[in-house]
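Novice: This is the structure, below, for whatever I ask next.
Readers should treat all values here as calculations from the given coordinates under stated rules, not as data from a laboratory. Just so it is clear, the model here is predicted, and its values are computed rather than measured. Cβ placement follows ideal geometry from the backbone for every residue including glycine, while neighbour counts extend to all protein chains displayed.
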Amino acid sequence: MLRRRAADSAGRVAAASIALASFAVSGTVIALGPPDRVGALSVILGIAAVGAGLLVAGERDGLSISASFIVTVLAAAFLGDASAAATAVLAKIEFTLKD
């Protein structure tokens, strides 16, 4: 029977700690930053993020490519940090729910 090694669980704890710290830092930066500009472009980039998530090319467990990077960069440049994070999350949720 296979048992977990201590190093394996320690690696999981370290990965979870890094992810939690990353979310905390990102949330703090978004909260302390200037407010995003919300308008028609927000809706357009939101729809583009959903479309980018649906139209990912590649294999499920292999390499894939999507247009979500372009959408996220445009949202960051024209709208702000929170909108960029929202478009990235929208695209990843759509990609996950696609199958």
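Novice: Can you work out the FRET efficiency for the pair residue 25 and residue 70, with r the C-beta to C-beta distance and R0 = 22 Å, to the nearest 0.05?
Specialist: 0.35
Novice: Cα-based Rg of the chain per 2.2 N^0.38 Å, rounded to two decimals?
Specialist: The chain yields a ratio of 1.35.
Novice: Let me ask something else. Mean separation of Cα pairs under 8 Å and 6+ residues apart, divided by the residue count of the chain: what relative contact order is that in percent?
Specialist: Computed over the chain, the figure is 28 percent.
Novice: Taking Cα centroids, how far is the range 50-92 from the range 16-39 in Å?
Specialist: Taking the Cα centre of each part, the range 50-92 and the range 16-39 sit 17 Å apart.
Novice: Angle check, please: helix 81-98 long axis (alpha carbons) against the longest principal axis of the chain (alpha carbons), in degrees 0 to 90, nearest 10.
Specialist: Between helix and principal axis, roughly 60 degrees.
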